[in-house]
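Asker: Pasting in a structure now, in structure tokens, and then I'll have a few things to ask.
None of the figures in this text is laboratory data; all of them are computed from the coordinates on show. Please read all numbers here as calculations on a predicted model, not as lab measurements. A quick note on method: Cβ atoms are made from the backbone with ideal geometry, for glycine too, and the neighbour counts reach across all protein chains shown.
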Amino acid sequence: MRHYQKQLGLGVIIGVLVISICGCVSTPRPRMPAVLGLSVDRMALSSKPIGLWSKDRVFGLVIHSDSTGREAAPVISSPLLSKLSQRIQVYLGQHCAVSEVKRISIHGIQEGDGFSSLLNAAKQHHVEALIVALLSSTESTHVGTFGESRMMTKMPGTTTFNVALVELGVIDVAQELVMVQVEKTATERMDRLKVPIGHDQGTLEDALNVLRANSAQQALDDALQDFTGGCLSD
């Protein structure tokens with residue numbers, strides 16, 4: 001679908017440019033074991049578990065933006081998280097013949113207590129396999145100037161790098177085991193001139209929110225290919 005190919009940040013404000021590039025900020029560390037409170041005996045990881053993506057299976061989806069890790073950037077806003085959630089649902093429908101994925105809302109997941117909360121929510125919604133999408137990132141901003149070398153006057157501004165980590169997991173609710181876990185990273189950069197921003201052009205925080213979502217989207221698109229490697233429709 002053409003919609004699936006579009007970036008989340010189509011409406012980035014004037015004076016802000018978001019492009020893919022290698023950044024100069026540390027890569028976030030995996031957060032799923034800490035956030036969910038997973039022990040080794042709760043994980044039975046497999047690259048292609050048999051029958052996981054059966055179209056007759058009832059799937060649930062929880063997406064969570066985490067900011068509790070070391071040097072973590074702020075969370076992605078709920079509206080953009082919803083778009084990322086839709087992206088996962090569309091991908092599963094197109095590539096894995098999954099007809100329905102129930103979006104399950106979990107608010108305020110506390111570090112170390114997430115697994116039991118997710119299991120309870122999945123059982124309440126009669127979900128057999130729960131997909132967990134955990135998003136986190138690190139960020140750094142640097143002061144600089146913009147303009148070609150031959151220009152007499154260069155414009156001051158800042159460059160912000162965001163490195164996103166997307167962790168995808170599938171919990172078999174009946175067995176209470178994590179069956180699959182995939183991790184991918186991506187980097188996005190935002191260059192911003194030091195000029196006044198009009199009332200109709202959004203705020204710096206709006207732009208940073210889009211930056212984080214775009215970075216997460218790049219990592220998510222990469223992760224989904226490995227995540228669904230055992231699809232029946234492949």
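Asker: If you take the beta carbon distance between GLN94 and LEU177 as r and set R0 to 22 Å, what does 1/(1 + (r/R0)^6) give as a FRET efficiency, to the nearest 0.05?
Answerer: Given R0 = 22 Å and the Cβ-Cβ separation, E is 0.20.
Asker: Now for a different question. Among 115-127, 157-169, how do they line up by average Cβ neighbours within 10 Å per residue, starting with the highest?
Answerer: With the highest mean Cβ count within 10 Å placed first, the list reads 157-169, 115-127.
Asker: Provide the convex hull volume over Cα atoms per residue for region 61-130, in Å³.
Answerer: Given the Cα convex hull of region 61-130, per-residue volume reads 103 Å³.
Asker: Past 28 Å, Cα to Cα: identify those pairs from LYS102/LYS184; LYS83/LYS194; LYS55/LYS184, in the order given.
Answerer: LYS83/LYS194, as the Cα separations exceed 28 Å there.
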